[in-house]
Structure formats: structure tokens, C-alpha cells
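**Student:** Take this structure first; my questions come after.
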Amino acid sequence: KPPSTRTCSPSDQTPWGIEKIYNNSAINATSGGAGVDVAVLDTGAKKDHLDLKNRVKQCKDFTGSGEPTNSCKDNNGHGTHVAGTIAADAGSDKKGVFGVAPEANLFIYRVCSNFCFTDDIAAAIDFAGKNGAEIVSMSLGGDTESSLVRDAIKRNPHLLFVAAAGNDGPDLGTIDYPGANVNVMAVAAIDSTETVPDFSSRGINNGDFVIEVREVEVAAPGVSVLST
């Protein structure tokens, strides 16, 4: 369990990615997201992390890991990192790291342990749709589309789905599912110079500004990202 008081602080509370999103290199704190509920489907999160504990409102384990079903224990760290990128609030002492929307609520749904199984992801999507979420974040993916995940997305048209484009670049058409689903916002990576790194998956975008299957909607900071 993390300490109740801070033993170390980040060297930069608003890293380059935050500055890029806010288009402000001088920003020293972020704001916004109040009343927005974001379901993070990932490896869980360290809900007692000083920069997250005020933001985590739901925890649920869909993996059958043996943990209590209301647990979102993160044995990997990836989900904690993603949750922090979204909504870290620098903690009650305001000495930690900031995410993009530090007033948003986080619903932490553990769908991955050593692997991510599509039935767990689909169950978490349906749970999010019935339990107050407005946005579903999925920093996960695979080369082929799961019918289970596809149908769960279709059943929940009231949710905004955001997913990683993937790490299979640089060739065209390397975008992963569920990001490749037309009803999911696929996010590719840029570095601090706004260059797309080789690893970032590409879509098959044809330049007509109409998003279709297997196209990337947006790119965001995805190299050397500091988070929780």
C-alpha cells in the first residue's frame, strides 16, 4: 500500500505531453473534467496512489484473478499509468503529477492481467454502459476484431469509446482493434516534435476527412510520457 504522505515528487508536474495537449509550455497545473466519468479498461490501478485516490470512484475485476470482484489491484503498472495520464490530480498536497482532466472520475475496470481476454473486455463495456460511464478508455488491442467486443460496443452507443491505434507501425493498415472499429476513436502517437514514431500503428486513411473502418482519428503524446 502506498504511503499516506508523499516520499517523492515528480521533477515535472505537467510533462511535455500535458503541455502539448494544452498548447501551453508554461502550464503548471491542469483543470477540467468535473462530472465526467471515464471507465479505464486495463490492468487495474493502484487506487491508493496519492495522485489517483481522490479520482477513483469504482473498482471492479473482470479477469477472474482470484481477487475480490470489487478489487482493481494492478500487478502490471500499465493501468495505473493510463489512469494517471487521464486524470491524475497531483494529490491533496498538489505536489504530484497532473493528468489531462484532473477533476474527472475514474472507473477502474481490470480486464487484463498477463493477457487481455475479449469476453472480459466485453463484460466491462456492458458494465460501464449500465453504471454511469460516459467515456471508455482502452489502451489495448489486437490484430483481429473480436465479435464479442464489437457487439458490446454496438450495444452501448451512448458511450464514447477511445482506444490505442496500436504499436505495430510503421506500415499502413497496422491499426489494431478495437481502435479500428468505426465506432471507436483510435489514437496514434506523436513525440515531442509532433513526429509520428515508427512504432505507432497507421490506419488506411484516404484523406477524405470521413472516419471509416481501420482509420485513425487523432494522434496524441505517446513517447516518454510521465505519469503515475
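The values are calculated or read from the model by the stated rules, or taken from the named source; none is laboratory data. All of these numbers come straight from a predicted model, not from anything done at the bench. Note that each Cβ is placed from the backbone with ideal geometry, even for glycine, and that neighbours are counted across all protein chains shown. Each accessible area value is taken on the protein alone, full model and side chains, heavy atoms only, with ligands, DNA and RNA left out. Shrake-Rupley method; radii C 1.70, N 1.55, O 1.52, S 1.80 Å.
**Student:** So in the chain, which Cys have no other cysteine's beta-carbon sitting under 4.7 angstrom from theirs?
**Tutor:** Cys8
**Student:** Using Cα pairs under 8 angstrom and six or more residues apart, how large is the relative contact order of segment 1-128, in percent?
**Tutor:** 34 percent
**Student:** Also, quick follow-up: Using only the heavy atoms of the protein chains and a 1.4 Å probe, how would Asp89, Asp126 rank by accessible area, largest first?
**Tutor:** Solvent-accessible surface, decreasing: Asp126, Asp89.
**Student:** Would any residue of segment 185-223 have its amide N under 15 Å from a label point 7 Å out along Cα→Cβ of Asp171? List them or say none.
**Tutor:** Within reach of a label on Asp171, which here means backbone N under 15 Å from a point 7 Å along Cα→Cβ, segment 185-223 contributes 199-204.
**Student:** How high is the relative contact order of the chain? Use alpha-carbon pairs under 8 Å, at least six apart in sequence, and give a whole percent.
**Tutor:** The normalised contact order for the chain reaches 20 percent.
**Student:** I would also like to ask the following. Can you send over the carbon and sulfur percentage of the accessible area for the chain, probe radius 1.4 Å, protein chains only?
**Tutor:** 51 percent
**Student:** Label Phe199 and Asn75 with points 7 Å out from Cα along Cα→Cβ: what is the distance between them in nm?
**Tutor:** Reported label-point gap for Phe199 and Asn75 is 2.4 nm.
**Student:** Testing the spin-label approximation: label points 7 Å from Cα along Cα→Cβ at Val218 and Ala29. State their distance in nm.
**Tutor:** 2.4 nm
**Student:** With semi-axes √(5λ) of the Cα gyration tensor in Å in mind, check [x] 26, 23, 15; [y] 56, 16, 15; [z] 30, 24, 16 and report the label derived from this structure.
**Tutor:** [x]
**Student:** Expressed as a rounded percentage, what relative contact order does segment 123-228 have, with Cα pairs under 8 Å and six or more residues apart?
**Tutor:** 24 percent
**Student:** Calculate the FRET efficiency for Asp119 and Glu67 from the Cβ-Cβ distance with a Förster distance of 22 Å, rounded to the nearest 0.05.
**Tutor:** It comes out at approximately 0.80.
**Student:** With each pseudo-label sitting 7 Å past Cα toward Cβ, what's the Lys20-Leu148 distance in nm, one decimal?
**Tutor:** Each label point lies 7 Å from its Cα, and together they span 3.4 nm.
**Student:** Looking only at Lys95, Lys154, Lys46, which one moves most when the chain is put into a Gaussian network model with springs between Cα atoms under 10 Å?
**Tutor:** Among Lys95, Lys154, Lys46, the largest mean-square fluctuation in the Gaussian network model of the chain belongs to Lys154.
**Student:** For Arg150, Arg155, Arg214, what's the largest-to-smallest order of accessible area, 1.4 Å probe?
**Tutor:** Output order, biggest surface exposure first: Arg155, Arg150, Arg214.
**Student:** Let me ask another. Counting only helical runs of four or more DSSP H residues, what would the 222 nm mean residue ellipticity of the chain come to if each run contributes -39,500 (n - 2.57) and the total is spread over all its residues?
**Tutor:** Helix contribution divided over all residues of the chain: -5000 deg cm²/dmol.
**Student:** While we're here: Any chance you could look up the accessible area of Thr69 with a 1.4 Å probe, heavy atoms only, rounded to 10 Å²?
**Tutor:** Here the accessible area works out near 90 Å².
**Student:** Given a 1.4 Å probe and the protein chains all in place, what does the accessible area of Leu172 round to, in Å² to the nearest 10?
**Tutor:** So the heavy atoms of Leu172 present about 140 Å² to solvent.
**Student:** If the chain between His158 and Asp126 were fully stretched, how many nm would it gain, using 0.36 nm times the residue separation less the Cα-Cα distance?
**Tutor:** Gain on stretching His158 to Asp126: 10.4 nm.
**Student:** Please list Met138, Met185 from largest to smallest accessible area, probe radius 1.4 Å, with all protein chains kept in place.
**Tutor:** The ordering from most to least exposed comes out as Met185, Met138.
**Student:** Next up: In the chain, if the dipole is taken from +1 on Lys/Arg beta carbons and -1 on Asp/Glu beta carbons about the Cα centre, which of Ser113, Ala29, Asn206 is farthest to the positive end?
**Tutor:** So the residue we want is Ala29.
**Student:** Here's something else I'd like to know. Identify the chymotrypsin sites (Phe, Trp or Tyr not before Pro) of segment 90-162 meeting these criteria: DSSP loop state and at most 11 other C-beta atoms within 10 Å of the C-beta.
**Tutor:** Phe115
**Student:** In addition: Quick check on segment 95-220: take the gyration tensor over C-alpha atoms, sort the square-rooted eigenvalues as a ≥ b ≥ c, and tell me if it's rounded (a/c under 1.5), prolate or oblate.
**Tutor:** oblate
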